[in-house]
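To start, the structure under review is shown below, and the notes come after it.
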Amino acid sequence: MSFIKGSTSIDLGDTPVENIFIDVYMPMANGTFVQVYLLGYKYALNHEPNMSVNNASIARHLNVPLSDVLDAWDFWEDKNIIIKHRSENGDEDNYSVEFVNLKQLYIDNNYKLIYSAPQKGAVEKDQPGSHALSPTDLVEANKVPEIRDMFVEINKIIARELVPNEKLKIVESLYKYNIDPSLITEAFSYSKKQKNVRHILGFSLGVVRTWYDQGILTVEDLQQYLMEQGDRYGFYSRVYKALGFPSQPSEAAMETMDIWIDKFNFDIDIVLEACKNSTKTSNPNINYINGILKDWHEKGIKKVEDIEKLDAKPKSNTGYRKTQAAPKIKTKFHLAKSRGDKYTAEELEQLVLENQKRRLNN
């Protein structure tokens, strides 16, 4: 006796999808990535032995480039909800895809003791600590303002919300290496903007490990190290710190700062001198500093000493000047010298009397 279920001539079946995917993961991705995941998931649940399915056939079915399919699997692998199984022929584009059970993943992330953290002051990079890190520890970590701000900044950098599993990995690194939360933020910013990597979580935590091995435990240590290595990111970070900006530099801000280095040939000391002028304005920004540096460049400033000489130059004398007495101007209203000026008063009187006598005789 056996039980057989009939089938239709065309596929009218169902593909159950966990709500966890719809609620948590689907909003993270673009439409093509979601299509690739769902079609692959359908094949995983209803795979027929005679059906040949690969990335190329998925691309044809969805009418998208093969590169979009490969990018989709990279994206979902980065979210830890699929596992790639490479083929033995060495072809990187030829692999099998295992879909992680999202319900089990949720259980593992929220109800299982996942990571261990060392006691503060007794850090061993490769050894587990004496107490386990649980979801409760993550809740407690979120109560620390520095850690909460760190998660907010990382969300901005990666342009999405961190999932609990990712937060646990980050908190593990904090405990494991006993470093400042702001250094984790710097690692994500460095990875995203300087290296432009796809799997940013793993890469960023790898950067943290490298910095730790080099003795970098604070943002100040990092800035000093990067400046010594001639790394542009260290330059950007130092300028932003001098201006008191809490956020990471934008692409536009970095392009402007590149002009200071490449076109103006200014070193960090001159730029920091310009940043000191930010106290003269209520709303300092990169454009304000750029205006100062552009003016210095046009005036031939090459080093900090040149700025001091420029400030020491006497300014044009626009104060009070002693004025000379205005020359007397002769107008038409003036007393001209007359012929009478050569006679005395008695002589004039005598002349008048004689003149009157002559008139009477005539």
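The values are calculated or read from the model by the stated rules, or taken from the named source; none is laboratory data. None of the values given here were measured: they were computed from a predicted structure. Don't worry about glycine lacking a Cβ; one is built from the backbone with ideal geometry, like all the others, and counts go over all protein chains shown.
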- Message: Taking the conditions exactly as written (surrounded by 20 or more Cβ atoms within 10 Å (Cβ to Cβ), at pLDDT 60 or above and not hydrophobic (A, V, I, L, M, F, W, C)), does Tyr175 satisfy them or not?
- Response: yes
- Looking at region 283-316, which of its residues are surrounded by fewer than 13 Cβ atoms within 10 Å (Cβ to Cβ), under 21 Å from Pro249 (Cβ atoms) and at pLDDT below 80? Asn283
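Per-residue answers, yes or no, for (1) in contact with a Gly (Cβ under 9 Å, 6 or more places away or on another chain); (2) surrounded by 12 or more Cβ atoms within 10 Å (Cβ to Cβ); (3) modelled with pLDDT under 90:
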residue: Val97; (1), (2), (3): yes, yes, yes
residue: Tyr111; (1), (2), (3): no, no, yes
residue: Asp126; (1), (2), (3): no, no, yes
residue: Pro145; (1), (2), (3): no, no, yes
residue: Lys156; (1), (2), (3): no, yes, yes
residue: Asn165; (1), (2), (3): no, yes, yes
